[in-house]
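Q: This is the structure I have questions about; it appears just below.
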Amino acid sequence: MGDKDIDRKISQILGLDERREKDSELYKVFSEVFDKTTIDTLAYFRRRGKIEHLLGVISTGKEANVFKAIDGDGNYVVVKVYRTYTTEFRRIWEYLAADPRIGYLPKDIRKLVFVWTRREFKNLQRAMKYAIRAPEPIAFGNNVLIMEYIGDEYPAPRLKDIERELDKKEFEELYEFAMGSIEKLWKRGDMVHGDLSEYNILIWEKPVIIDWSQATVKRNRMALTLLRRDLRNIINYFAKKGVNVEDLDEKFRELSGD
């Protein structure tokens, strides 16, 4: 594939008029970050109607970029694109190596990222199966994950972003939601989120938990450590907001059986 073909695919995926100068921020972010595999994967989803155009950047990070997009039916969706050459290689490898659901781990970092993407898709499916509020997974391929969009014209804000607007009663309700989600996930789903905090709870009509890439099952040797991390994050955060929280050690013993 030549440079012109790649350029044309990028323009189509981003919904840019090829007659315009490609000077948008979205074009710059996309063309500087994503490789041929990513572009081909997005083009494949575009042919299937899963993506029509990418509309804007929701968030960027060392591990992945998250975009607001529109699908072939005119609905908003989220497109999460993992970087195929990530600085998070060691963390990804450690999480996958400890997960009993994962078999052979490829040595190629690109293929490892593909496994990581598939795992987040499966984690979202499992979370929803046990009635945890999470974005509905739609499709995945290689390093691209397509999910339900939470929000309206603008993406739903994270708890951290609007905490100053909330009163004590709202914090109390959110604490019950977060702790209830941890308990339901652990007891019914045999699973733990592993990175639950104010940064990955979206505030919408009902709160929604996002960022499920590191989530894993109870059988994982890291599961208890991750469970304690989730409990500590939530208890410490809401205690600072004046909520009457549970004792961390007692709650951990209750759930873990230790």
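Q: Is it true that VAL77 is of a type in the set (A, V, I, L, M, F, W, C) and in contact (Cβ under 8 Å) with a residue 60 or more places away in the chain?
A: Criteria met by VAL77.
Q: Turning to a different aspect of this structure: Which helices (runs of 4 or more DSSP H) does the range 159-258 wholly contain that include 3 or more residues that are modelled with pLDDT of 95 or more, open to solvent by 70 Å² or more (accessible area, probe 1.4 Å) and not polar (S, T, N, Q)? Before you say what the answer is, go through the steps one by one.
A: Working: elements: 159-162, 168-187, 223-240, 248-256.
Once the helices (runs of 4 or more DSSP H) in the range 159-258 are filtered for at least 3 residues that are modelled with pLDDT of 95 or more, open to solvent by 70 Å² or more (accessible area, probe 1.4 Å) and not polar (S, T, N, Q), what remains is 168-187, 223-240, 248-256.
Q: Checking ASP108 against (1) closer than 26 Å to ASN220 by Cα; (2) in contact with a Lys or Arg (Cβ under 6 Å, 6 or more places away or on another chain); (3) not hydroxyl-bearing (Ser, Thr, Tyr), only one condition comes out false. Which one?
A: The failed condition is (2).
The values are calculated or read from the model by the stated rules, or taken from the named source; none is laboratory data. The shown structure was predicted, so the numbers you read here are calculated from the model rather than taken from an experiment. Don't worry about glycine lacking a Cβ; one is built from the backbone with ideal geometry, like all the others, and counts go over all protein chains shown. What goes into the accessible areas is simple: the full protein's heavy atoms, side chains included, and nothing from ligands, DNA or RNA. Shrake-Rupley method; radii C 1.70, N 1.55, O 1.52, S 1.80 Å.
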